[in-house]
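First comes the structure, then the notes that go with it.
The values are calculated or read from the model by the stated rules, or taken from the named source; none is laboratory data. For clarity, every value in this text was computed on a predicted model and none was experimentally measured. We place every Cβ from the backbone using ideal geometry, glycine too, and count neighbours over all the protein chains shown. Only protein heavy atoms, including side chains, enter the accessible area calculation; ligands, DNA and RNA are left aside. Shrake-Rupley method; radii C 1.70, N 1.55, O 1.52, S 1.80 Å.
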Amino acid sequence: MDNNELVSIIIPAYNAAEYITETVQSAMASSYPYLEIIIVTDGSTDDTQLIINQITTLHPEIKSFSQANQGVSVARNFAISKSNGKYILPLDADDLISPDYIEKAVEVLKKDENVVLVYGEAEYFGKKTGKWKLPEYSLYKLARRNIIYVSGIYRKNDFLKTEGY
């Protein structure tokens, strides 16, 4: 397998001990076969690093890095710099993805080079449940405020044309 199929799942983690295991499990349950998972602990003061160490002991294919707390953007940028995938999926440490999300998103990206970001419907889970009603996509709205959740999948080459997060 070459890196033309690989999706790099980028997980920044700050004080995410309560959620990180479930997040990683949702990534590993993907029906898409070509994945790398990269977790960056961003100066957590809880047991996040301990739990990540346990996860990577069981799954040594998962890459893990640790940095002093610098914020989610720096952690994402660092993880992307360590990634090998053609595609990037940023996944917050308290979010989950459905098993077929990556497979369907990559299919869309492969079919049309003009598509630069793919995201789907989202649902709340935990204390709040139900559909997360995102506004209809509009470049004007996007320029004014964030209308897309963080877990949209995009090509790494497109990311490299930016200054990062």
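On segment 26-96, 53 percent of the accessible area sits on carbon and sulfur atoms, based on a 1.4 Å probe. For SER64, the residues whose modelled amide H falls within less than 5 Å of its own, excluding neighbours fewer than 5 places apart on the same chain, are ILE39. The residues of segment 1-120 expose on average 49 square angstrom of accessible surface per residue, using a 1.4 Å probe on protein heavy atoms.
For segment 42-109, trypsin sites (Lys or Arg not before Pro) are listed when DSSP marks them as loop and at most 16 other Cβ atoms sit within 10 Å of their Cβ; the list is LYS82. When peptides 152-160, 37-45 are sorted by average Cβ neighbour count within 10 Å, with the highest value leading, the order is 37-45, 152-160. Pairs exceeding 26 Å between alpha-carbon atoms, taken from LYS63/LYS111; LYS104/LYS133; LYS104/LYS156: LYS63/LYS111. Computed over the Cα atoms of segment 1-41, the ratio of the radius of gyration to the Kirkwood radius (Rg/Rh) comes to 1.03. Distance from the alpha carbon centroid of segment 1-44 to that of segment 50-122 works out to 5 angstrom.
Couplings 3J(HN,Hα) of segment 17-24, computed from phi: 3, 5, 10, 4, 4, 5, 5, 4 Hz, in residue order, whole Hz [Karplus 6.51 cos²θ - 1.76 cosθ + 1.60, θ = phi - 60°; x for Gly and Pro].
Taking amide H as placed 1.01 Å from N in the peptide plane, the amide H of SER44 sits under 5 Å from that of ASN15, each at least 5 places away or on another chain. Taking θ as phi - 60° and the Karplus parameters 6.51, -1.76 and 1.60, the scalar couplings of segment 155-165 work out to 7, 4, 4, 5, 4, 5, 7, 10, 8, x, 6 Hz in sequence order, x denoting glycine and proline. Rounded to whole numbers, the Karplus 3J(HN,Hα) couplings from phi for segment 29-37 are 7, 4, 6, 6, x, 10, 10, 10, 10 Hz, using 6.51 cos²θ - 1.76 cosθ + 1.60 with θ = phi - 60°, and x at Gly and Pro. Model label points for VAL116 and GLU136, set 7 angstrom from Cα along the Cα-to-Cβ axis, are 2.2 nm apart. Amide H to amide H, with H built 1.01 Å from N, ILE9 comes under 5 Å of GLU36, ILE37, ILE38, LEU89, counting only residues 5 or more places away or on other chains.
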